[in-house]
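The values are calculated or read from the model by the stated rules, or taken from the named source; none is laboratory data. Because the structure is predicted, anything quoted here is derived from the model rather than measured. As a convention, Cβ positions derive from the backbone with ideal geometry for all residues, glycine included, and neighbour counts pool all protein chains shown. Just so you know, the surface numbers come from the protein's heavy atoms only, side chains and all, with ligands and any DNA or RNA stripped out. Shrake-Rupley method; radii C 1.70, N 1.55, O 1.52, S 1.80 Å.
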Amino acid sequence: MRETIGVIGLGYIGLPLAMCLCERGFRVVGIDVDEDKVADIQAGRTDVQEDYLGQTLSQMLQRHIAEGNFVASSRPAVAAWECTTYFVTVGIPVHPETKSLNQQPLLDAMRSLGRVIKPHDLVIIRSTVVPGTVESHCVPLLEETSRMVAGVDFHVAYAAERVAEGRAMEEFQTLDIVAGGLTVRCAALAAQALQKLTDGQVHITDMRVAQLSKVIENAQRDVSLALVYELQEVAKSHHVNLYELIQMVNTHPRVNLLWPSVGVGGYCIPNAYHYLSASLQAERTDLPLFRLARQSNESVPRRIAQGVAESLHQSGRQMATAVVAVLGLGMKDGSNDIRQSPAIRCVEEFRSLGAMVRAYDPFVSPAEPYQVSTVEECLRDADAIVVGAWHNAFDELDWGELFRLVNQAAPVILVDPRGRLEARVLHLNPAPVLQRA
Ligand SMILES: NC(=O)c1ccc[n+]([C@@H]2O[C@H](COP(=O)([O-])OP(=O)(O)OC[C@H]3O[C@@H](n4cnc5c(N)ncnc54)[C@H](O)[C@@H]3O)[C@@H](O)[C@H]2O)c1
């Protein structure tokens, strides 16, 4: 008989993970507290954008539901009927303004899972956590609610999820996994389960190292991106093209500068510093480099808005009367996930300086007054264009026609960190008059 796996939390990670397990021949019971989300998923609907072998996530979902490989529920007891292994993908949100951590969703998930697990079951926590949380909170809650002893009666392991949204289906199956168990047996059982998911290597380590390594992977990217955003100022001051500079520097085999966008967003990288520093609070250890990188990355949208204001000023225009078009609102290229999206932060910064902002993203549901439903509406009379996130669908647009709509009286101020739009308009005849902010 084939094995059934429980996936707790059906968000941007949990649902694709569930589909990936189905693709690999498992039956999956998915659990989520959000009853509306569960109803949508059971009806085969999801906004999560992942593709695999030519199918969208919704198509995979519909197929696996129809074939009896997947079922979603809001009641963990439904999973307990047939599961002996659980993957937990419930996160710890960070408040966007106060930066306080909300451990409650993960702790609630532990409580409700503890109430239904059975002797010999294996719980693998795949969420990114404040390092130490598994030992200090998750295990005690599982023990309290199950009335069993972790590591003796049931098994607990930690193995952070490392995939990137948009590439999740492939990366679940190819990336190496770092895993730590509460006991040697917990680790061995987790390695066995995880090895059925990935063709990459499962590296077994200490439970604390496993939790720390995930947070440090993300914090390292935060620091590297802060460096690149600072280089943007260096490039500007030397009147050189940052992309050319990065390309040249990266010809060195031991250097790998990252590519900037309009800031650092999403659920992972911006949270890493907060998880890491929270884990050290008791010792009052400061992390000045990580802290500075975070602060610096937080300020990128504001710096972009200020740069556009300066450019407008140079051509006799004012932000307060300018029209700013923002293309793409997702937290990165190709994404409709707007959590901590730097494109949205840019919108807010431009609006706070008095600009009239119009934003177009065909994959983000309209929820804000500045969102428009056509690219034409977005670009009409625009003084500045900000590429917040590039979608493949933008490749198909007739940019020659679209540039006829922008304000023709002065150069269009362009913020196009990866040069996607610029590459599509430079060859036009006549080429639009652009000014990089
Ligand atoms: N999104 C990414 O790119 C990414 C990549 C790698 C790792 N991660 C990590 O994976 C975890 C999940 O991230 P996500 O982006 O999928 O988050 P998400 O918010 O999209 O999904 C979490 C889901 O858990 C559900 N939930 C909350 N409390 C619950 C409970 N008590 N029981 C059951 N379900 C509950 C929520 O309703 C939601 O659907 C986080 O720890 C995150 O840091 C995310």
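The residues in region 237-294 that are under 15 Å from Val223 (Cα atoms) and aliphatic (A, V, I, L, M) can be counted, and the count is 11.
The listed residues are Arg420, Arg345, and the only one of them that is modelled with pLDDT under 95, under 29 Å from the mean Cα position of the chain (by Cα) and assigned by TED's automatic domain parsing to the domain that holds Arg317 turns out to be Arg420. Scanning region 309-334 for residues that are in a loop (DSSP other than H, G, I, E, B) and acidic (Asp, Glu) returns a single hit, Asp333. Exactly one residue out of Val78, Val7, Val48, Val90 is more than 9 Å from the ligand (Cβ to nearest atom) and buried (at least 18 other Cβ atoms within 10 Å of the Cβ), and it is Val7. Scanning region 375-393 for any residue that is within 16 Å of the ligand (Cβ to nearest atom) and modelled with pLDDT under 95 turns up nothing. Is there any pair linking a residue in region 17-39 that is outside the structural domain of Gln173 (by TED's automatic domain parsing) and in contact (Cβ under 8 Å) with a residue 24 or more places away in the chain to one that is more than 13 Å from the ligand (Cβ to nearest atom) and open to solvent by 40 Å² or more (accessible area, probe 1.4 Å), with Cβ under 6 Å and at least six apart or on different chains, and which? Partner pairs satisfying both residue conditions: none exist. Please go through region 11-45 and pick out each residue that is open to solvent by 30 Å² or more (accessible area, probe 1.4 Å), on the phi < 0 side of the Ramachandran plot and either of a type in the set (D, E, K, R) or more than 23 Å from the chain's Cα centre (by Cα) (or both). Selection gives Glu23, Arg24, Arg27, Asp34, Glu35, Asp36, Lys37, Ala39, Asp40, Gln42, Ala43, Arg45. Each residue in region 248-277 was checked for being more than 14 Å from the ligand (Cβ to nearest atom) and of a type in the set (Gly, Ala, Ser), and 3 pass.
Please enumerate the residues belonging to region 171-189 that are out of contact with any helix residue (DSSP H, G or I) (no Cβ under 9 Å at 6 or more places or on another chain) and in a helix (DSSP H, G or I).
Glu171, Thr174, Val184, Arg185, Ala188, Leu189
From the list Ser127, Ser136, Ser112, the lone residue that is of a type outside the set (D, E, K, R), away from the ligand (no atom under 16 Å from the Cβ), at pLDDT 95 or above and within 25 Å of Pro93 (Cβ to Cβ) is Ser136. The numbered conditions (1) within 11 Å of the ligand (Cβ to nearest atom); (2) in contact with a Phe, Trp or Tyr (Cβ under 7 Å, 6 or more places away or on another chain); (3) of a type outside the set (Gly, Ala, Ser) are all true for Val28 except (1).
Per this entry, Met169 is not counted among residues that are open to solvent by less than 70 Å² (accessible area, probe 1.4 Å) and farther than 20 Å from Pro16 by Cα. If we scan region 241-259, do we find a residue that is assigned to a helix (DSSP H, G or I), in contact with a strand residue (DSSP E or B) (Cβ under 8 Å, 6 or more places away or on another chain) and among the charged types (D, E, K, R)? There is no residue in region 241-259 that is assigned to a helix (DSSP H, G or I), in contact with a strand residue (DSSP E or B) (Cβ under 8 Å, 6 or more places away or on another chain) and among the charged types (D, E, K, R).
Yes/no matrix, rows are residues, columns are (1) over 22 Å from Trp390 (Cβ atoms); (2) more than 16 Å from the chain's Cα centre (by Cα); (3) of a type in the set (A, V, I, L, M):
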{"site": "Leu258", "(1), (2), (3)": "no, yes, yes"}
{"site": "Gly263", "(1), (2), (3)": "no, no, no"}
{"site": "Gly266", "(1), (2), (3)": "no, no, no"}
{"site": "Gln295", "(1), (2), (3)": "yes, yes, no"}
{"site": "Ser311", "(1), (2), (3)": "no, yes, no"}
{"site": "Val324", "(1), (2), (3)": "no, yes, yes"}
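Yes or no: Thr145 free of Cβ contacts under 8 Å to residues at least 60 places away in the same chain, within 16 Å of the ligand (Cβ to nearest atom) and surrounded by fewer than 21 Cβ atoms within 10 Å (Cβ to Cβ)? It is true that Thr145 is free of Cβ contacts under 8 Å to residues at least 60 places away in the same chain, within 16 Å of the ligand (Cβ to nearest atom) and surrounded by fewer than 21 Cβ atoms within 10 Å (Cβ to Cβ). In region 152-159 there is at least one residue that is within 15 Å of the ligand (Cβ to nearest atom), touching a Lys or Arg at 6+ places or on another chain (Cβ under 7 Å), outside any helix (DSSP H, G or I) and not basic (Lys, Arg).
Restricting Glu310, Glu298 to those that are farther than 30 Å from Gly11 by Cα and acidic (Asp, Glu) reduces the list to Glu310. Could you please find all residues in region 192-206 being in contact (Cβ under 8 Å) with a residue 24 or more places away in the chain, open to solvent by 10 Å² or more (accessible area, probe 1.4 Å) and assigned to a helix (DSSP H, G or I)? Hit for region 192-206 is Ala193, nothing else. Looking only at residues of region 237-286 that are in contact (Cβ under 8 Å) with a residue 24 or more places away in the chain and hydroxyl-bearing (Ser, Thr, Tyr), we find that the one that is surrounded by the fewest Cβ atoms within 10 Å (Cβ to Cβ) is Tyr243. If you go through region 95-109 and keep only what is at pLDDT below 95 and either within 13 Å of the ligand (Cβ to nearest atom) or acidic (Asp, Glu) (or both), you end up with just Glu97.
Would you say Leu189 is within 17 Å of Ser127 (Cα to Cα) and open to solvent by 10 Å² or more (accessible area, probe 1.4 Å)?
No: the conditions fail for Leu189.
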